[in-house]
Amino acid sequence: MKAIVYHQYGSPDVLKLEEVHKPTPADNQLLIKVYAASINRSDWEGLTGKPLYARIGGLIKPNNKILGSDIAGTVEAVGKDVKQFKPGDEVFGLMLNYGGGFAEYACKSEKALALKPAGMTFEEAAAIPQAAFIALQGIREKGQVQPGQKVLINGAGGGAGTFAIQLAKLAGAEVTGVDNAEKLELMQSLGADHVIDYTKEDFTKNGQQYDLILDVIANRSVFAYKRALKPNGSYFMAGGSVATIFQMLLLGPWIRRTSGKKIRLLLVQTDSKDLIYITELIEAGKVVPVIDKRYSLSETAEALRYLGEGHAKGKVVITVQ
Ligand SMILES: NC(=O)c1ccc[n+]([C@@H]2O[C@H](COP(=O)([O-])OP(=O)(O)OC[C@H]3O[C@@H](n4cnc5c(N)ncnc54)[C@H](OP(=O)(O)O)[C@@H]3O)[C@@H](O)[C@H]2O)c1
């Protein structure tokens, strides 16, 4: 089968379209013929090997040679222990080791997999998994946003952020979206009440305070986040720098004891029920997956470059076949 393969960390230039063995499903896995995949920042991080946690599967070279965490396709075969799906089912979901999706076929377990609604395209379905998991858990399950609360989403014009804006508005919050100037209009069109261009204004220094901050791109000190939180406010870091993670682990508990402000990492759980919940919202017209651009499998390097260079508004999708 054809797949986008890389053997070393680097720029999109290290990605090559290669012929590789079609994977064989284990007893608890399904073989999925991939019709569409989507790009996440985690793919960019896995490609470049930055931040350092992106090298967890290989310090010097990537162990997993195929990136791609979000897929949608049809089930071609199932292992003997697979209970919920059968050949022919149209499915979408998250590859649990965040790789293997930029290929014509992928094997994965039933976890973080759901049936694709008939009215949804494979591209739309592939745009959902990782971004929706982060947004649902950051805003709803762990963030527990209440009507009237002030919510700030940092990195709101990207994959997780565009879902997060919509979920926070659905919960009745007053939403501020932070991203670069190219994405301000998009954030407003999704319902953001206020938008901030991060290249011009630092949201931790403008005197505003929030009940909840969901940060997909944390690179400040924990004291900056503390300043931007209301008393009893909550901050969740979904992605960002290793230095910020260490500060959060070391100082988060102390900040909570001394000020009541909660500054924590968001550890995303990957449960199929979240995929079902978000598709129900999409089918009801309450949430839309935002797809900026589509590329073919052979153009995956260009698609990653587009995201890495800061242009992607919402999601970028790879149409595989
Ligand atoms: N915690 C967990 O369990 C978990 C699970 C899965 C993934 N993750 C992580 O969650 C993150 C998800 O990101 P995503 O896929 O939504 O990324 P994305 O689509 O790239 O969105 C991130 C957005 O942030 C913007 N941005 C960049 N620098 C910024 C800054 N300094 N201030 C404000 N915005 C800035 C980006 O704009 P530009 O175009 O200007 O760069 C982009 O629009 C990744 O880091 C991933 O590794 C965490």
What's the whole-number percent of alpha carbon pairs in the range 146-201 lying beyond 15 angstrom? 33 percent
If R0 is 41 Å, what FRET efficiency do you get for Phe246 and Thr121 from their C-beta distance, rounded to 0.05? 0.50
Ordering His311, His21, His7 by accessible area with a probe of 1.4 Å, largest first, what comes out? His21, His7, His311
Mind checking the alpha-carbon convex hull of the range 1-135 and giving the volume per residue in Å³? 103 Å³
What residues have an amide H closer than 5 Å to that of Asn40, excluding those fewer than 5 places away on the same chain, when H is modeled at 1.01 Å from N in the peptide plane? Ser69
In the range 18-177, what percentage of the DSSP-assigned beta bridges are antiparallel, given to the nearest 5? 85 percent
Show me, for the range 222-227, the HN-Hα J-couplings you get by feeding each phi into the Karplus relation (A = 6.51, B = -1.76, C = 1.60, θ = phi - 60°), rounded to Hz, glycine and proline as x. 4, 6, 5, 5, 4, 4
Mind listing the long-range amide H neighbours of Ile213? Cut-off is under 5 Å, sequence gap 5 or more, other chains count too, H placed in the peptide plane at 1.01 Å from N. Leu152, Ser234, Tyr235, Phe236
Sticking with the crude label model, points 7 Å out along Cα→Cβ, report the distance from Thr74 to Leu17 in nm, one decimal please. 2.2 nm
So what J values fall out for the range 281-296 if you push phi through Karplus, 6.51 cos²θ - 1.76 cosθ + 1.60 with θ = phi - 60°, rounded to Hz, Gly and Pro as x? 5, 5, 5, 7, x, 8, 9, 10, x, 9, 9, 7, 9, 10, 10, 7
Over 28 Å (Cα to Cα) among Lys169/Lys205; Lys50/Lys230; Lys142/Lys313; Lys142/Lys200 -> Lys50/Lys230; Lys142/Lys200
Out of residues 5 or more away from Val34 or on other chains, whose amide H comes under 5 Å of its own, with H placed 1.01 Å from N in the peptide plane? Tyr105, Ala106
Calculated SAXS-style log₁₀ I(q)/I(0) at q = 0.09, 0.11, 0.17, 0.20 Å⁻¹ - the range 166-321, Debye, Cα scatterers: -0.36, -0.54, -1.22, -1.43
How large is Rg over Rh for the chain, taking Rg from the Cα atoms and Rh as the Kirkwood inverse mean of 1/r across Cα pairs? 0.97
Karplus couplings for the range 133-144 from phi (6.51 cos²θ - 1.76 cosθ + 1.60, θ = phi - 60°), rounded to Hz, Gly and Pro as x? 4, 5, 5, 4, 6, x, 8, 9, 6, 9, x, 6
For the range 184-242, take N as its residue count and report Rg(C-alpha) divided by 2.2 N^0.38 Å. 1.15
Percent accessible area from carbon and sulfur atoms, the range 22-126, protein chains only, probe 1.4 Å: 55 percent
Just to be sure I understand: with springs between alpha-carbon atoms less than 10 Å apart, which residue in Glu18, Glu174, Glu309 has the highest mean-square fluctuation in the Gaussian network model of the chain? Glu309
The chain - percent relative contact order, Cα under 8 Å, separation 6 or more: 19 percent
Residue-normalised 222 nm signal for the chain, counting each DSSP H run of n ≥ 4 as -39,500 (n - 2.57), nearest 500 deg cm²/dmol, is -7500 deg cm²/dmol
Over the Cα atoms of the range 98-171, how large are the radius of gyration and the largest Cα-Cα distance (Dmax), in Å? 14.5, 46
Over the Cα atoms, compute the radius of gyration (one decimal) and Dmax (the largest Cα-Cα distance, rounded to a whole number) for the range 264-321, in Å. 14.5, 40
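The values are calculated or read from the model by the stated rules, or taken from the named source; none is laboratory data. Computed from a predicted structure; not experimentally measured. Cβ coordinates were reconstructed from backbone atoms using ideal geometry, including for glycine residues, and neighbour counts include every protein chain displayed. All accessible areas refer to the heavy atoms of the entire protein, side chains included, with ligands and DNA or RNA removed. Shrake-Rupley method; radii C 1.70, N 1.55, O 1.52, S 1.80 Å.
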